[in-house]
Amino acid sequence: MSVAENQAAAGRGSTRTVAILSSLGRFLVVAVTTYLGLLAVTFFIGRVIPIDPVLAVLGDRAPTAVVERTRREMGLDLPWIEQFYLYVKAALRGDFGTSVLTTNPVMSDIRRVFPATIELATLGTIIGAVIGVPLGVLAAVKRGSLIDQIARVVGLIGYSVPIFWLGLLGLVLFYAKLQWIAFPARLDVVYEYTFTPITGFYLLDAAIQGQWDVFHDAWRHIVLPAALLGYLSLAYISRMTRSFMLNELAQEYIVAARAKGLSETRVIWGHALRNAAVPMVTVIALSYANLLEGSVLTETVFSWPGIGLYITNSLQNADMNAVLGGTIAIGSVFIAINLLSDLLYRLLDPRTKIG
Amino acid sequence: MSAETIQSRREWLLSDQPASRLQARLGRAYVSWRRFSANRLALVGMLIIIALLVVAAFADVLAPYSPTVGDLKNARLLAPSAAHWFGTDDLGRDIYSRIVYGARWTLYVVILVAIIAAPIGLLVGTVAGYAGGWTDTILMRVTDIFLAFPKLVLALAFVAALGPGIENAVLAIAITSWPPYARIARAETLTVRNSDYIKAVQLMGASPVRIVLRHIMPLCISSLIIRVTLDMAGIILTAAGLGFLGLGAQPPLPEWGAMIASGRRFILDQWWVAAAPGAAILIVSLGFNLLGDGLRDALDPRSGDQ
Amino acid sequence: MNDTLLEVDDLRVTFPTRTGLVQAVRGVSFSLGRERLGIVGESGSGKSQTGRAIMGLTPPQAEVSAKKLAFDGIDLLSISPRQRRSLRGNRIAMILQDPKYSLDPVMTIGRQIIETLRTHEKVCKAEARERALAMLQAVQIRDPARVFDLYPHEVSGGMGQRAMIAMMLVTGPELMIADEPTSALDVTVQLDVLKILDKLVAERGMGLIFISHDLRLVSSFCDRVVVMYAGKVVEQIKASELRDAQHPYTRGLLNCMPRIGFERHPLPVLDRKPEWAA
């Protein structure tokens, strides 16, 4: 090994640090502009589109005094740009106004309902990844075989089915006919009053407290909506896994791994999937973000008291503060996951260079 | 037509030395078609879409009953039968007839979204790609910001502000679905921007507007069509979702998503009210997905398995 | 050639394509002792597929047939895939062209070497590490402990190829197939890598099949040369007698090699006659 080679190799460690720092910097710029963009769009929706934003927030039955006070509070007499500045400032404090429907600050409502959505989406993503990744791997390895065809059809239907409709059919079959699952809600009424959640994730809370009857009940309520979201995520994850795996299996290092005499199992799961795992992280994160969003429809069907149901209930009551607060909440998490997955991708890949 | 003339026609189409531009173009189309039609699932998708077009066009002939006026007295919530293939709903309307007419609304949404969103994306992408520099940076930053938003939730908020209705739903979906088209158009523009024939056009004194309109945009069309076709299913599902939440088409319009919503109340006893429109959405979305996959494989063989 | 290591008789590799069957290798025969055999040909001549067929790495859709394909008396075509695998990387090894692509990018070099070893021998972790480091030393990497923990993209092409050789030689194979082992490397390190390979092959008494498009390299490095054209062997000749080659294709290849001190105008064009492929 030459001296130059040695130096080059030694220098690469710091190159990587620089690369990570620079992508961190760009990450911050992107995060800030994207978040400002989200606020700009919701500002536009809440303040520019409605003829009278005050009525949009309060409804048309509010007394004149309240309307006038709100108008001043919202700063509607100020120029647009100043209004937007105040809007951003308030949003950064977590102040999205008060919900007409619940009469609480929107932020405290969101805090209350968000864990239910997280619990549902997390379970859905786990189901999707645990089934979707192996399915995608098998489809790629046995390309053109029966299992590949099945994976393809399962995926295509997942891309094409209206989730709320599938949820309704699921309720007919598993709740009404077979009675395998509980009625649409998060817990039976009996437990609603006796059970005190700690983290807000009922499955976890019940397990921590050792209340296995509650755990069982919570499970019977969550299993179908989670399975449906899991199916959506499975469709996406298996399709992407297959594509990544086909790409990896065509690489030379796979030939080399076989030349070493490794078993096919080892070649596929130990080498090809390990390489595909880096982009897979992004895919699973994106799928998680999509489920957060997809929960709007699923929660409506299953009366699941999460952010999705909160938004749709507020919509039906023209409660604009709540709708926009919920939109910003989902949007923020969505953006955060998007950006974090990109960052994670760079950190996980040992080949990360400046770029 | 004898086998011989078919043979010679095929040779004419596949000729290495086309005598005219028309022959070359037809030849290319023929090769793409052969690749497309070898994919059986893609053909199924195309048949579904053709069926959708036919049903929408001849709804008056195909539907035995009125889609909006029902027989409240005698025909409420009837199970599927010979008289009412998919049963009747709570207002005594024939569900089959409503689905047939609903095909029109599905097409209406899909086509309107496509002709609003695709040109926006095309314009933003080609201008960003051709102009470069700051224009490119700013336009693409805006595009990326929109790409990072949750589409359905944003569409919900838009409709909440604009007021429910199918036109507003279309607008909301279009506003949230143009960014991918801009990305594609920009990528295509970048690949041709520095090519010699664009330089030649520049030397002949063509204005940037003309170059973008006449020479760059046409090149982006085929990849855009593929992407729009692949997005159709998503558009249908979003529109149906908005309809289901009561934000899209308003009663008595026979829109499939809204039909599911109205069937929801009877789902446990009269499941067919919600079942049929959902199946219609599934089949049409599947059709667009199959067609889009097939088109992509046929027109863009590079991305075969991606 | 007293102890025959490998016998190849009438080897054929057939690929099904949309337009029918394509024979990439069409009746190749040769035998190999503990010597260095070069296989030369243009791209598409079937030389790489010959090597892969011996390794048992032909793509599954292709068909391999031969009157005889035997390694150390073992009929390679009749043994089970499992037995075949236990030979691969253990008694028969292979070096691929470009270390940039043939080393797993997300696994450290050391782990990749140990993986070969532990697939074929029951050794404890400490011993495996010890032997991997010794192997890295043997391919003349000065600081094996450091290279051990590097990822493939962190080393140069020359070092990557040495790591590849180490990975394939760590189990002490008897036959090594080197498929264009230096073509992807900088000219300056090509010779270093070849010397290392040569030395190890000589020291360990291995048989070597050296696949290359570079006739000069092969003739200077190997004992014997097999010239392939369109899936067939057109000539087998001792490297020392290459100048007296009879076949016009071999002569054509020889004529294409530039020599210092000779003006070459116009540049010779390689003749390709269909009857050679017949």
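The values are calculated or read from the model by the stated rules, or taken from the named source; none is laboratory data. Since we're looking at a predicted model, the values are computed, not measured. Every residue, glycine as well, gets a Cβ built from its backbone with ideal geometry; the counts of neighbours run over all protein chains shown.
Key figures
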| item | result |
| --- | --- |
| Single unsatisfied condition, B:W85 versus (1) within 14 Å of another protein chain (Cβ to nearest Cβ); (2) touching a helix residue (DSSP H, G or I) at 6+ places or on another chain (Cβ under 8 Å); (3) surrounded by fewer than 18 Cβ atoms within 10 Å (Cβ to Cβ) | (1) |
| Among the candidates C:G38, C:G51, residue that is surrounded by 14 or more Cβ atoms within 10 Å (Cβ to Cβ), in contact with a Cys (Cβ under 8 Å, 6 or more places away or on another chain) and either at pLDDT 90 or above or part of a helix (DSSP H, G or I) (or both) | C:G38 |
| Residues of the stretch C:54-76 satisfying the condition of being without any contact (Cβ under 8 Å) to a residue 12 or more places away in the chain and either within 14 Å of another protein chain (Cβ to nearest Cβ) or part of a strand (DSSP E or B) (or both) | C:P60, C:D75 |
| Any chance B:L268 is buried (at least 24 other Cβ atoms within 10 Å of the Cβ), at pLDDT below 90 and within 8 Å of another protein chain (Cβ to nearest Cβ) | no |
| Number of the exception - B:I6 against (1) more than 27 Å from B:L286 (Cα to Cα); (2) in a loop (DSSP other than H, G, I, E, B) | (2) |
| Only listed residue being out of contact with any Pro (no Cβ under 6 Å at 6 or more places or on another chain), more than 10 Å from chain A (Cβ to nearest Cβ) and within 25 Å of A:L156 (Cβ to Cβ), chosen from B:I235, B:I221, B:I216, B:I211 | B:I235 |
| Test for B:G102: is it out of contact with any Gly (no Cβ under 7 Å at 6 or more places or on another chain), in the same structural domain as B:I260 (by TED's automatic domain parsing), on the phi > 0 side of the Ramachandran plot and not charged (D, E, K, R) | no |
| Selection from the stretch B:285-294 of residues that are crowded, with 24+ Cβ neighbours inside 10 Å and either at pLDDT below 90 or more than 10 Å from chain A (Cβ to nearest Cβ) (or both) | B:L291, B:G294 |
| Long-range neighbours under 6 Å by Cβ, at least six apart or interchain, first residue in the same structural domain as B:Y108 (by TED's automatic domain parsing) and closer than 19 Å to B:L224 by Cα within the stretch B:166-182, second of a type in the set (S, T, Y) and surrounded by 24 or more Cβ atoms within 10 Å (Cβ to Cβ) | B:I173/B:T238 |
| Single match in C:L185, C:L136 (criterion: at pLDDT below 90 and either touching a helix residue (DSSP H, G or I) at 6+ places or on another chain (Cβ under 6 Å) or of a type in the set (D, E, K, R) (or both)) | C:L185 |
| Every residue from the stretch B:145-185 that is assigned to a helix (DSSP H, G or I) and at the interface with another protein chain (Cβ under 7 Å from one of its Cβ atoms) | B:I145, B:L152, B:V153, B:L154, B:L156, B:A157, B:F158, B:A160, B:A161, B:L162 |
| The lone exception for B:I111 - which of (1) more than 18 Å from the chain's Cα centre (by Cα); (2) free of Cβ contacts under 8 Å to residues at least 40 places away in the same chain; (3) surrounded by fewer than 18 Cβ atoms within 10 Å (Cβ to Cβ) it fails | (1) |
| Enumeration of residues in the stretch A:338-355 that are among the small types (G, A, S) and either at pLDDT 80 or above or assigned to a helix (DSSP H, G or I) (or both) | A:S341 |
| Flag for A:L146 being touching a residue at least 24 places away in the same chain (Cβ under 8 Å) and away from chain B (no Cβ under 14 Å) | no |
| Entirely in the stretch A:17-113, the helices (runs of 4 or more DSSP H) that have 1 or more residues that are at pLDDT 85 or above and not basic (K, R) | A:80-92 |
| Check on B:G87, in contact (Cβ under 8 Å) with a residue 12 or more places away in the chain and either touching a Pro at 6+ places or on another chain (Cβ under 6 Å) or not assigned by TED's automatic domain parsing to the domain that holds B:G165 (or both) | yes |
| Lone qualifier among B:A75, B:A79 - being touching a strand residue (DSSP E or B) at 6+ places or on another chain (Cβ under 6 Å) and either surrounded by fewer than 18 Cβ atoms within 10 Å (Cβ to Cβ) or away from chain A (no Cβ under 14 Å) (or both) | B:A75 |
| Restricting the stretch A:161-183 to residues that are in a helix (DSSP H, G or I), free of Cβ contacts under 8 Å to residues at least 40 places away in the same chain and within 21 Å of A:G308 (Cα to Cα), the residue that is farthest from the other protein chains (Cβ to nearest Cβ) | A:L169 |
| Filtered residues of the stretch A:324-355 (kept if within 14 Å of chain B (Cβ to nearest Cβ), within 30 Å of A:A277 (Cα to Cα) and either out of contact with any Leu (no Cβ under 8 Å at 6 or more places or on another chain) or acidic (D, E) (or both)) | A:A329, A:A336, A:L339, A:L340, A:D342 |
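Let's see how each residue does on (1) within 11 Å of chain A (Cβ to nearest Cβ); (2) touching a residue at least 40 places away in the same chain (Cβ under 8 Å):
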residue: C:Q140; (1), (2): yes, yes
residue: C:V147; (1), (2): yes, no
residue: C:Y151; (1), (2): yes, yes
residue: C:G158; (1), (2): yes, no
residue: C:A166; (1), (2): no, yes
residue: C:T171; (1), (2): yes, yes
residue: C:M176; (1), (2): yes, yes
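To keep it simple, each residue is scored yes or no on (1) of a type in the set (A, V, I, L, M); (2) free of Cβ contacts under 8 Å to residues at least 12 places away in the same chain.
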position: B:T189; (1), (2): no, no
position: B:L203; (1), (2): yes, yes
position: B:I211; (1), (2): yes, no
position: B:L219; (1), (2): yes, no
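One line per residue, one yes/no per condition, for (1) buried (at least 17 other Cβ atoms within 10 Å of the Cβ); (2) more than 7 Å from chain A (Cβ to nearest Cβ); (3) touching a Leu at 6+ places or on another chain (Cβ under 9 Å):
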site: C:N90; (1), (2), (3): yes, no, no
site: C:I95; (1), (2), (3): yes, yes, yes
site: C:I109; (1), (2), (3): yes, yes, yes
site: C:Q112; (1), (2), (3): yes, yes, yes
site: C:L117; (1), (2), (3): yes, yes, no
site: C:A132; (1), (2), (3): yes, yes, yes
site: C:L136; (1), (2), (3): yes, yes, no
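This table checks each residue for (1) more than 7 Å from every other protein chain (Cβ to nearest Cβ); (2) buried (at least 20 other Cβ atoms within 10 Å of the Cβ); (3) in contact with a Lys or Arg (Cβ under 9 Å, 6 or more places away or on another chain).
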site: B:F244; (1), (2), (3): no, yes, yes
site: B:A258; (1), (2), (3): yes, yes, no
site: B:G263; (1), (2), (3): yes, yes, no
site: B:I283; (1), (2), (3): yes, no, no
site: B:L299; (1), (2), (3): yes, no, yes
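Residue-by-condition table, conditions (1) aliphatic (A, V, I, L, M); (2) facing chain B (nearest Cβ under 9 Å):
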| residue | (1), (2) |
| --- | --- |
| A:V278 | yes, no |
| A:G294 | no, yes |
| A:T298 | no, no |
| A:F302 | no, no |
| A:G306 | no, no |
| A:L309 | yes, no |
| A:T312 | no, yes |
| A:N317 | no, no |
| A:A322 | yes, no |
